[in-house]
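One structure follows; several queries about it will come next.
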Amino acid sequence: MASLMSPYTLAGRRLRNRLIHASMSTRMAQAAGVTDRLVDYYANRAKGGAALIVTEPLSMAQHQDLASRVRAFNDDQIKGLERWASAVEAHDCRLLGQIFERGRGRNLPGRNPDAIGASALPDDLSWTVPRALTAGEIEGLIEEFALSSARLQRCGFSGVELSAAHGHLFHQFLSPQPNVRTDRYGGDLRGRTRLVAELVAAIRARCGRDFIIGLKLPGDDGVAIGPKEAAAIAVELTRPGNVDYVCFAQGSHARSLEMHVPDGHWPRMPYLGLTRELRRAIPGVPVAAVGRITDPAEADALLQRGDAELVALGRALVTDPAWLLKAQAGRAHEIRHCVACNTCWDRITAQNLPIACDNNPRLAEPDEVDWRPKPARHKKRVVVVGAGLAGMEAAWVAAARGHEVIVFSRSRETGGKARLRARLPGGDGFANVFGYQLAQGQKRGVRIEEGVTAALADILALRPDCVVLAAGASMIPPAFAPSLPDLRTAIADVLKLRSRQAGTAVLYDMDHTEGTYAAAELLHERFERFVLVTPRDSIAQSAPLVTRQGILRRLSEKRVDLAVLSEVRLDDGFEEGRVQCVNVYNGDVRMIENVAFLSWSTPRAPEASLAGPLREAGIEVRVIGDCRSARGVLEATSEGHFVGNAIGED
C-alpha cells in the first residue's frame, strides 16, 4: 500500500495519499441548498481516507438553478457551502467543486427544449436540438463560472474540476461532431478547445496558483474522439501550465454512454491501457486513473508501475467509504465491494432519487464509516426463513447486536438467487454481497440450517421471539407452460453442460431485468441456436440505460434472434420440438423448429404464506425483501439491514 498511501502535491496543496473520490451526483441537496445528509455523505468519504473529493455538479451559472443542485452562482448558500467545505477539509481532505453543464446531452426520455450547445445539431441519445450559443453568451458563461469558482474558494473549497467529458457541453465544444461552428470557438483544434482553455485561464486569474484546477477530458468517447484526438486535446489544454491534473473518462451521450460506468460484463480497470497511453502525451501533468478500479492492491500496483499519479474511485467509495482505511489496516477482506450493477446511476439519473447502493445499506448515515452494530436493548431468539441477500443481511446484523440467530436455507449454500446470478456472465460482483454477509454471519455466530425448507412446525419448535420471513418470490408461470421449469430452475441445469448442445433454446421474457439477459447470453453460448421472445416492443426495459445499452450491444454482436411483440404458444407439435411464436397484435405465426430447451422469466409472486400462521401463534413476524414484494438487490439488503437493527428495540 506504500504507493497508494504516499502523499502528493497539487497546486501547492498537500494530499495525504493518492485517492480521489470522483464526482458522483447524490441528489441530496434540497431547495438548491446544502443538507445534513449531503454533508454527511462527503464527510464520511473524507473520514474513510480519500485525500481529495470532487463534488457533484454545482449550479455555477444562473441558468443552471435547479433544486437538486447546490447553488454557487450567488451568495444565497454561502453558509451551507462553508459548512460543506469545513466538514471535508477538517479531515485533511481537499474539496473541489465540479463545473458542469449538460448542454444538449440528455439521457432521459423526451427532449429538452431549453438546451444550449455548440451547434444546432441533435443529441445522439434524445435527439434534442440545442440552441447554439453566441460568442457573447460563451464569454458570459466563462465569466459566471470563474466568479462562482472564486466564491467556492472564499467558502473554503480547495479547487474545481471541469467536467469536459461524457458528452456534456464542454465535451460538445471539443468534439468535431457536435461542433461545426465557424467562429473562434469552432473549426480547428485550437478553436474547439478555446472555451475550456479560456475558462481555465479565467479561473486561474481569479483564484491564483494555489487553487487546484482539474480537467476531466474524453479519452475515447465512442463517437468522434478516439485516443489520437484525445491526446491532441489534452496537449492543447495543458500546454499553458494552468491545469493541475487530468482525468480521462470514456463514453458520450450516445450508444457509448455505457462506457462511462462499465458494469460487470466489463473487465476490471478496462481503461488502464488507454490512460497509460494518454499519459505519455502530457508528461509532467498528473493523471488520475478512473474506471472500475475496485481493489486496493490493484490501485497500489498501477501507481507503483507509473500508470498514473492518482487513482479516482466513484462507485467503489459509494459502496464503502472506509475502502482505504480497511486496506491500510490489513482488513481489505472486510471491504463491501461495488457490484457494478449501476443501481446508483439509475437512481440519480433516471429516477431522480437520492443515491443508493445495493451493497451499502448505510449510505450517508452519520455513522456509516466502518460501521459497527450497537448492542440490542433486548436480546431475542430470531429465526430467519431464507438465506438470500435479505435474510442474511438481517441475520448477521441481528447476531452482531447480540441476538441468537438461526437461519433456514433451502439450499446448501447461502446467497439465494444472487449466488446463481454470480455464476452467469457479468455476475462476479454479486459474490461480494453474499460473501461479505456469510463471513460476517460466521464471525457473529449465526447458525445456518442448510438444505431445509422450513415448515411451520420447524419454526415453532425453536420457540422464537421473532421470525424474519425472507423466503423470496417465485416466477408466475405463463399460461402456455404450467409444467415447464422457470428460468432460475432451468439455467442451473444449463450451467452443468460441458459442451455446446444441438437444437434451439427458446426463452420467453416477461421480466426485462439484467439477470434474464445474462442467462440469455449463456443459452446462446451453450446451444446451437437461441431465440429470445418477448411480448413487449423491445428488450431490457427494466434495466438502467447504461446497462441496457450493454445488453443490446452484446446481443446484437452475438446475432441473437429476437422475436419482439410476440408470445409463445404450444400445440401438438411441441413434442416434436416445434414452438409457435405469435404476434400479439396481428396474430401472425412464426414456427420455431428443433426446440431443445424452452423456459420463461416472468414477474414474481412473494412466498409469504407462513406469515399468517406465525402471527396467529403470537410470534413477532417481519417480512422483508422479495418475500414482501418482488424487487431487487437494493431493497433486499436495505430492508434486511433495517430489520436486523430494529429487532429488540421495542
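Over the Cα atoms, compute the radius of gyration (one decimal) and Dmax (the largest Cα-Cα distance, rounded to a whole number) for the range 271-344, in Å.
Computed over the Cα atoms of the range 271-344, radius of gyration and Dmax are 13.2, 38 Å.
Rounded to two decimals, what is the ratio between the C-alpha radius of gyration of the range 600-650 and 2.2 N^0.38 Å? List each step's numbers first, then the result.
Details: Rg = 12.8 Å, N = 51, 2.2 N^0.38 = 9.8 Å.
Expressed relative to 2.2 N^0.38 Å, the Cα Rg reads 1.31.
Roughly how many Å² is the accessible area per residue of the chain, as a whole number, for a 1.4 Å probe?
Accessible area per residue: 39 Å².
Restricting things to Cα coordinates, could you compute the convex hull volume per residue of the range 45-116 in Å³?
106
To the nearest 10 degrees, how steep is helix 389-400 against the longest Cα principal axis of the chain, on a 0 to 90 scale?
Orientation of helix 389-400: about 80 degrees from the principal axis.
Obtain the nm distance between the two label points defined at Arg268 and Ala461 by a simple spin-label model: each point lies 7 Å from its Cα along the Cα-to-C-beta direction.
Each label point lies 7 Å from its Cα, and together they span 4.3 nm.
Give the average over all directions of the projected area of the C-alpha convex hull of the range 472-591, one decimal, in nm².
The number I arrive at for the range 472-591 is 8.2 nm².
Could you tell me what percent of the DSSP beta bridges with both partners in the range 1-105 are antiparallel, to the nearest 5?
In the range 1-105, DSSP labels about 35 percent of beta bridges as antiparallel.
Using the alpha-carbon centroid of each, what span in Å lies between the range 60-121 and the range 349-372?
That distance is 21 Å.
Quick query: amide H of Ala165 versus all other amide H atoms, modeled in the peptide plane; which residues come in under 5 Å with a sequence gap of 5 or more or a different chain?
Residues meeting the amide H criterion: His171.
Over the range 44-136, what is the relative contact order in whole percent, taking alpha-carbon pairs under 8 Å and six or more residues apart?
That works out to 23 percent.
Kirkwood Rh, the range 353-401, all Cα pairs: how many Å? Working shown, then result.
Numbers: mean 1/r = 0.0795 Å⁻¹.
Hydrodynamic radius (Kirkwood, Cα pairs) of the range 353-401 is 12.6 Å.
Taking amide H atoms as placed 1.01 Å from N in the peptide plane, list the residues 5 or more away in sequence, or in a different chain, whose amide H sits under 5 Å from that of Ala289.
Glu309, Leu310, Val311, Ala312
Considering the dipole of the chain built from charges on the beta carbon (Lys and Arg +1, Asp and Glu -1) around the Cα centre, which of Cys93, Leu278, Ile20 is farthest to its positive end?
Positive-most Cα among the choices belongs to Cys93.
Whenever you get a sec, compute what percent of the accessible area on the chain sits on carbon and sulfur atoms (1.4 Å probe). Provide the component values of the computation, followed by the final result.
Working: 12280 of 25080 Å².
Carbon and sulfur atoms account for 49 percent of the accessible area of the chain.
Given labels modelled 7 Å from the Cα in the Cβ direction, how far is it in nm from Thr182 to Leu325?
Between Thr182 and Leu325, the simple spin-label model gives 6.0 nm.
From the phi angles alone, apply the Karplus equation (6.51, -1.76, 1.60; θ = phi - 60°) to the range 564-575 and give each ³J(HN,Hα) in whole Hz, x where the residue is Gly or Pro.
My calculation for the range 564-575 gives 8, 6, 9, 10, 8, 9, 9, 10, 4, x, 4, 5 Hz in order.
If the only charges are +1 at each Lys and Arg Cβ and -1 at each Asp and Glu Cβ, what is the size of the charge dipole of the chain around the Cα centre, to the nearest 20 debye?
Using only the charged Cβ atoms, the result is roughly 1400 debye.
So what's the angle, to the nearest 10 degrees on a 0 to 90 scale, between helix 78-89 and the longest Cα principal axis of the chain?
With rounding to tens, the tilt is 70 degrees.
What residue among Met60, Thr182, Leu81 has its Cα farthest toward the positive end of the dipole of the chain, where the charges are +1 on Lys, Arg and -1 on Asp, Glu, each on the Cβ?
It is Leu81, whose Cα lies furthest towards the positive end.
In the structure displayed, which of Lys216/Lys326; Lys326/Lys443; Lys326/Lys417; Lys443/Lys496; Lys47/Lys79; Lys47/Lys417 lie more than 25 Å apart, Cα to Cα?
In this structure, Lys216/Lys326; Lys326/Lys417; Lys443/Lys496; Lys47/Lys417 lie more than 25 Å apart at Cα.
For the range 406-447, with equal point scatterers placed on the C-alpha atoms only and solvent neglected, what are the log10 I(q)/I(0) values from the Debye formula at q = 0.29 1/Å, to two decimals?
-1.02
Find out how many positive minus negative residues lie around Arg14, taking Lys and Arg as positive, Asp and Glu as negative, among other residues whose Cβ is under 10 Å from that of Arg14.
Cβ neighbours under 10 Å give a net charge of +2.
Given the convex hull over the Cα atoms of the range 188-304, what projected area results after averaging over all orientations, in nm²?
8.1
Using only the alpha-carbon atoms of the range 231-278, report the extent along each of the three principal axes, biggest first, to the nearest angstrom.
Extents along the principal axes, in whole Å: 39, 22, 16.
Could you calculate the FRET efficiency of Glu528 with Ala439 from 1/(1 + (r/R0)^6), where r is the beta carbon distance between them and R0 is 41 Å, rounded to 0.05?
It comes out at approximately 0.50.
Could you calculate, for the range 269-398, the ratio of the Cα radius of gyration to the Kirkwood radius, expressed as Rg to Rh?
We get a ratio of 1.07 for the range 269-398.
Taking Cα centroids, how far is the range 200-226 from the range 266-310 in Å?
If we compute the Cα centre of each part, the gap is 18 Å.
Here's something else I'd like to know. Over the range 1-102, what relative contact order in percent results from Cα pairs under 8 Å that are six or more residues apart? Before the final figure, lay out each step's value.
Values: 178 pairs, mean separation 30.4, N = 102.
Reported as a whole number, the value is 30 percent.
Sort the range 1-132 into rounded, prolate or oblate with this rule: let a ≥ b ≥ c be the square roots of the eigenvalues of the Cα gyration tensor; rounded if a/c is under 1.5, and if a/c is not under 1.5, prolate when a/b is larger than b/c, oblate otherwise.
Prolate, because a/c is 1.5 or more and a/b exceeds b/c.
Could you quote the convex hull projected area for the chain, Cα atoms only and averaged over all directions, in nm²?
Computed as one quarter of the Cα hull surface, the answer is 30.6 nm².
Here's a follow-up. Percentage of Cα-Cα pair distances in the range 181-221 greater than 13 Å, rounded to whole percent?
61
How large is ³J(HN,Hα), in whole Hz, for each residue of the range 211-226 in order, when computed from phi with the Karplus curve 6.51 cos²θ - 1.76 cosθ + 1.60 and θ = phi - 60°, using x for Gly and Pro?
10, 6, 10, x, 10, 9, 10, x, x, 8, 8, x, 10, 10, 10, x
Simple spin-label model, 7 Å along Cα-to-Cβ: Ser542 to Glu575 in nm?
3.5
Is it possible to state the helix-based mean residue ellipticity at 222 nm for the chain, with each DSSP H run of 4+ residues giving -39500 (n - 2.57), the sum divided by total residues, to the nearest 500 deg cm²/dmol? What is it?
Calculated mean residue ellipticity at 222 nm is -9500 deg cm²/dmol.
Keeping all protein chains in position, work out how much accessible area Leu562 exposes to a 1.4 Å probe, and write it in Å² to the nearest 10.
70
Ignoring solvent entirely, what values of log10 I(q)/I(0) come out of the Debye formula for the range 103-147 at 0.29 Å⁻¹ when each Cα is a single scatterer?
Evaluating at q = 0.29 Å⁻¹ gives log10 I(q)/I(0) of -0.92.
Under the 0.36 nm per residue contour assumption, what length would be gained going from the current alpha-carbon distance of Glu143 and Arg553 to full extension?
Length gained between Glu143 and Arg553: 143.5 nm.
Could you tell me the extents of the range 372-431's C-alpha atoms along the three principal axes, largest first, rounded to whole Å?
Sorted from largest, the Cα extents of the range 372-431 read 44, 25, 12 Å.
Kindly provide the Kirkwood hydrodynamic radius of the range 351-465 in Å, to one decimal, from all pairs of distinct alpha carbon atoms.
Hydrodynamic radius (Kirkwood, Cα pairs) of the range 351-465 is 15.2 Å.
Could you order His403, His63, His337 so the one with the most accessible surface comes first? Probe is 1.4 Å. Please list the in-between numbers first.
Details: His403 10, His63 100, His337 35 Å².
So, going from the largest accessible area down, we get His63, His337, His403.
Further question: Could you tell me the center-to-center distance, by alpha carbons, between the range 627-649 and the range 470-496 in angstrom?
24
Between Arg631 and Lys379, what is 0.36 nm times their sequence separation minus the Cα-Cα distance? Round to one decimal in nm.
Details: separation 252, 0.36 × 252 = 90.72 nm, distance 3.05 nm.
Fully extending the segment from Arg631 to Lys379 adds 87.7 nm.
Stick to Cα atoms and the Kirkwood definition of Rh, then tell me Rg/Rh for the range 556-637.
Result: Rg/Rh = 1.22.
So the label point goes 7 Å from the Cα of Ser483 along Cα→C-beta, right? Which residues of the range 596-625 then have their backbone N under 16 Å from it?
598-599
Suppose the chain between Ala646 and Ser474 were pulled fully straight at 0.36 nm per residue; how much longer would it get relative to their current alpha carbon spacing?
59.2 nm
The values are calculated or read from the model by the stated rules, or taken from the named source; none is laboratory data. A quick note: this is a predicted structure, and the numbers were derived from the prediction, not measured. Quick reminder, even Gly has a Cβ in these numbers, built from the backbone with ideal geometry, and neighbours come from all protein chains shown. When the accessible area is computed, the model is the full protein with side chains, heavy atoms only, and any ligands, DNA or RNA have been set aside. Shrake-Rupley method; radii C 1.70, N 1.55, O 1.52, S 1.80 Å.
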